[in-house]
Amino acid sequence: MLVGSSALQGCAPRLQGIREELEAVEPLEDLAFDDITLQQADDDGKPLWSLTADRATYQQDASIAQVEQPDGVIFQQGVTTYTVRAETGQIYDDGKRIVLSSNVVVSHVPKNALLQGDELEWFPEEDRLILRRNLAGTYKDLTLKAEELQFNGQTNQVTLAGSIEAVMTDSQVRLQTDGLLWFIDEARITSDRPVLLEHFEAANPPQVIDRATGDGLAVDLASQRSTLQPNALVNLGQPAFDIRSDSLTWDAKANVVEANKPVTIVNRIDQTTMAAQQGVMDLVQRVVTLTGQVQGQSPPQQATLTADRLIWNLTQNQVDATGNVFYGRSSPVLQMSGSRAIGNLNEETLKVTGDQPVKTVYMLE
């Protein structure tokens, strides 16, 4: 660690050397410097960090330097990576551990990310820093809030913990969880904790349109595609439908939800249900396309519908089923099969057609 100050007329002796010399002097007294610069380099001479401060007081008996208004730079491989500033700070064991406190501001220079918090704990030799309490940050259109952030410079990964909220402003999606891992170089976020996603419309305050939950999450920040798995669930506000699958991908830019695994859609009002092997939902148009072994049930009408493919307009409750279509009702008994069915399942206005004669079975009770 190097020290420079106007009081020392520009010289920059090592703080370790100063400490050793002062230990030989009795009585031991604290040493104070104004307008000081503190620096540390690795064994190859590459800078690890540099701090300027309005005032620094060195406590010789405890090997601690107290600094006021610290402002400086953190380097990686000799390149400026972070700028930091705070109101106070402590430097322990000749720079092995540094703590900055009160109104801490950290800027990640290469990614143009800005972080703020109450305390920064920093281990230069390990290339690791921890930002704690009242954490807030911005990165492109992403804003973050959390209780703790840990950055590992060797892997270029950020771990977020506590009550986390992340908002993607452009796509109007808010994420809430209590644990996230941010891969900075790959521009992606993952979580193995329960997650809540909310799609909101711009208002004051913002109004939530749809919600999604899952027991894990993977987000591609570039494409803004969020995959919830396992136990994924999307709750639509209007109309009131639930989409369930072991894996759901929410494309915030395209406003669609994709299911590449078996998916079930339920009308929360009358419990009409459709299930299939895969599905895609247009969140704007409220239209679902289901493919592969489509099976539908309408409890109020005691009716069933099966097909290879089905398009379901949730707002109008209209269905368009194609491929090996079968419609059945239990009371009174009615069965129809064909290649296509169009209509409203709840209102029983379903029309079944086909290239071959449509088979119809109708029984009076």
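A few remarks follow.
- The strands (runs of 3 or more DSSP E) located wholly in segment 259-365 that include 3 or more residues which are aliphatic (A, V, I, L, M) occupy 263-267, 273-276, 287-298, 303-313, 318-330, 333-344.
- Failed item, numbered, when GLN271 is tested on (1) modelled with pLDDT of 90 or more; (2) out of contact with any Lys or Arg (no Cβ under 7 Å at 6 or more places or on another chain); (3) surrounded by fewer than 16 Cβ atoms within 10 Å (Cβ to Cβ); (4) farther than 26 Å from GLN316 by Cα: (4)
- Taken over segment 219-242, the criterion of being buried (at least 18 other Cβ atoms within 10 Å of the Cβ) and either aliphatic (A, V, I, L, M) or at pLDDT below 95 (or both) is satisfied by VAL219, LEU221, GLN224, ARG225, SER226, LEU228, ALA232, VAL234, LEU236, PHE241.
- Failed item in (1) surrounded by 16 or more Cβ atoms within 10 Å (Cβ to Cβ); (2) acidic (Asp, Glu); (3) in contact (Cβ under 8 Å) with a residue 40 or more places away in the chain, with ASP246 passing the rest: (3)
- Flag set for PHE151, criterion: at pLDDT below 90 and in contact with a Leu (Cβ under 7 Å, 6 or more places away or on another chain).
- Residue check for LEU28: over 30 Å from the mean Cα position of the chain (by Cα), at pLDDT below 90 and part of a loop (DSSP other than H, G, I, E, B): yes
- Taking first residues from segment 196-219 that are farther than 24 Å from GLY179 by Cβ and partners that are of a type in the set (A, V, I, L, M) and in a strand (DSSP E or B), the Cβ contacts under 7 Å between residues at least 6 apart in sequence or on separate chains come to GLU201/ILE209.
- Residue in segment 126-139 that is under 16 Å from the mean Cα position of the chain (by Cα) and among the charged types (D, E, K, R) present: no
- Among the residues making up segment 43-90, those that are part of a loop (DSSP other than H, G, I, E, B) and in contact with a helix residue (DSSP H, G or I) (Cβ under 8 Å, 6 or more places away or on another chain) are GLN60, SER63.
- Segment 194-215, residues that are of a type in the set (S, T, N, Q) and surrounded by 15 or more Cβ atoms within 10 Å (Cβ to Cβ): THR213
- Residues of segment 177-193 classified as farther than 17 Å from LEU221 by Cβ and surrounded by 16 or more Cβ atoms within 10 Å (Cβ to Cβ), total: 1
- One residue stands out in segment 49-80 among those that are among the β-branched types (Val, Ile, Thr) and buried (at least 20 other Cβ atoms within 10 Å of the Cβ): the one that is modelled with the highest pLDDT, namely VAL67.
- Looking across segment 91-142, the residues that are over 30 Å from ARG225 (Cα atoms), touching a Phe, Trp or Tyr at 6+ places or on another chain (Cβ under 9 Å) and either part of a helix (DSSP H, G or I) or not aliphatic (A, V, I, L, M) (or both) come down to GLY95, LYS96, ARG97, TRP122, PRO124, ASP127.
- A count restricted to segment 51-63 and to residues that are in contact with a Gly (Cβ under 7 Å, 6 or more places away or on another chain) and touching a residue at least 24 places away in the same chain (Cβ under 8 Å) stands at 1.
The values are calculated or read from the model by the stated rules, or taken from the named source; none is laboratory data. It should be emphasised that the depicted structure is a prediction, and the values quoted were computed from it without experimental measurement. Here Cβ is always computed from backbone atoms with ideal geometry, including for glycine, and neighbour counts include all displayed protein chains.
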